[in-house]
Amino acid sequence: MLVTEPATQAGAATRPVALFVMGMNRSGTSAITRVLSLCGGTLPPRLAGANSRNPLGYWEPRASWRLNTAILRRHGSEWFDPTLRLQEEGAFSASEHAACVREIKAFLTTLPTAPLVVIKNLQITALSGIWFEAARQAGFDVVVVIALRHPQQVAVSLAAFNRASPELANALWLKYTMLADTQTRAVPRVFVEYTNLLEDWRREMKRISSALGIDLNAQDEGAIEEFLRPDLHNQRHDGPVTESLGSDWISTVYKELGAAARDEPWDQPALDRVYQAYRASERGFRTAFEDFGRLHKFNWVIRPSMVNLFYEVLAVAHRRRGAWA
């Protein structure tokens, strides 16, 4: 069993700290980010506004969406892409990688001067290597809080959010949850389950403070209590995990990281096995679907009435007719 080690070195650092809130969409990342800001963290300026889908706000900078969306689309991806195409070797050329780092670094240098800056954006989980490098070049130390939520709660929330199917929701949950784990093992980090935050936010802030070596004592308790409204926690499924991808991947990942969020021993090799299996399966199905698309486009130009003639021409070309054709 492996456990996450506290980042004692972060507290002694003289450099400002960039705390990234990572994980799957609809997993409580907005709630965690806002509570962190009410416990002494500084948020970037020009945040995305609240709406009916998130009435208390997203607490993330609009500039991060513009930057990340542009990077993803240049590589044929979106936030709702369940593939690991951007994690493949050679996905970014050296020049592309350097250009992305420069763009993000330019944004980070505009952040307020503060000991602790809290940065949240779903897409950062898929691009964390670039963001971490840019943050270090901008003069920050990097620490991470990873949000975790029951997969069925996320699936129902995503269905209400944008009508995502349970299959897509589960694939996205796996992708972003596993990337949040695998891509942050070299930095100080801590896992926080959404329900645990709602049950006892003081305990969770103490866990974060201790694990990351940061000061979260400047608590606006009244504002936090008002913000964490129970009526906004609409999806409360706590039963067994429903597997919709033909394996025990989701239940395994949720079980192990749920233990990590309770500071209990957890099995990192089990997560590695799931990640490698998902990666291999995803790549195989992606290749098959892309090949289907290629063949579909080719066959679309051939009218049904032309099919017999098409095969007859092929037969004549090969000097064969009749049953062979």
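The values are calculated or read from the model by the stated rules, or taken from the named source; none is laboratory data. Everything numeric here is computed off the predicted structure, so don't read it as measured data. Every residue, glycine among them, receives a Cβ derived from its backbone with ideal geometry; neighbour counts consider all protein chains shown. The accessibility values were calculated without ligands, DNA or RNA, using every heavy atom of the protein model including side chains. Shrake-Rupley method; radii C 1.70, N 1.55, O 1.52, S 1.80 Å.
So here's what we get for this one:
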read-out: So Val117, is it in contact with a strand residue (DSSP E or B) (Cβ under 9 Å, 6 or more places away or on another chain), outside any loop (DSSP other than H, G, I, E, B) and not hydroxyl-bearing (Ser, Thr, Tyr); value: yes
read-out: Residues satisfying the stated conditions in segment 87-102, i.e. polar (S, T, N, Q) and either over 14 Å from the mean Cα position of the chain (by Cα) or open to solvent by less than 10 Å² (accessible area, probe 1.4 Å) (or both); value: Ser93, Ser95
read-out: Every residue from segment 42-57 that is open to solvent by 10 Å² or more (accessible area, probe 1.4 Å), in a loop (DSSP other than H, G, I, E, B), touching a residue at least 60 places away in the same chain (Cβ under 8 Å) and not hydrophobic (A, V, I, L, M, F, W, C); value: Pro45, Arg53, Pro55
read-out: Cβ-Cβ under 7 Å pairs, at least 6 apart or on other chains, segment 103-121 side over 19 Å from Ile208 (Cβ atoms) and open to solvent by less than 20 Å² (accessible area, probe 1.4 Å), far side outside any helix (DSSP H, G or I) and of a type in the set (Gly, Ala, Ser); value: Leu108/Ala138
read-out: Qualifying residue in segment 197-206 (condition: closer than 18 Å to Thr29 by Cβ, open to solvent by 20 Å² or more (accessible area, probe 1.4 Å), modelled with pLDDT of 90 or more and outside any strand (DSSP E or B)); value: yes
read-out: Any hit, segment 305-313, residues being at pLDDT 95 or above and open to solvent by 80 Å² or more (accessible area, probe 1.4 Å); value: no
read-out: Matching option when the condition is part of a helix (DSSP H, G or I) and among the hydroxyl-bearing types (Ser, Thr, Tyr), among Ser77, Ser95; value: Ser95
read-out: Residue in segment 163-196 that is surrounded by the most Cβ atoms within 10 Å (Cβ to Cβ), counting only those that are in contact (Cβ under 8 Å) with a residue 12 or more places away in the chain and among the polar types (S, T, N, Q); value: Thr177
read-out: Flag for Leu295 being in a helix (DSSP H, G or I), open to solvent by 40 Å² or more (accessible area, probe 1.4 Å) and at pLDDT below 85; value: yes
read-out: Residues of segment 29-40 satisfying the condition of being open to solvent by 10 Å² or more (accessible area, probe 1.4 Å) and in a loop (DSSP other than H, G, I, E, B); value: Gly40
read-out: Lone unmet requirement of (1) open to solvent by less than 20 Å² (accessible area, probe 1.4 Å); (2) more than 19 Å from Gly23 (Cβ to Cβ) for His75; value: (1)
read-out: Of residues in segment 261-289 being open to solvent by 100 Å² or more (accessible area, probe 1.4 Å) and in a helix (DSSP H, G or I), the one farthest from Arg85 (Cα to Cα); value: Arg273
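One line per residue, one yes/no per condition, for (1) closer than 22 Å to Gly213 by Cβ; (2) in a helix (DSSP H, G or I):
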position: Ala91; (1), (2): no, no
position: Ile130; (1), (2): no, yes
position: Ala147; (1), (2): yes, no
position: Val154; (1), (2): no, yes
position: Asn170; (1), (2): no, yes
position: Thr177; (1), (2): no, yes
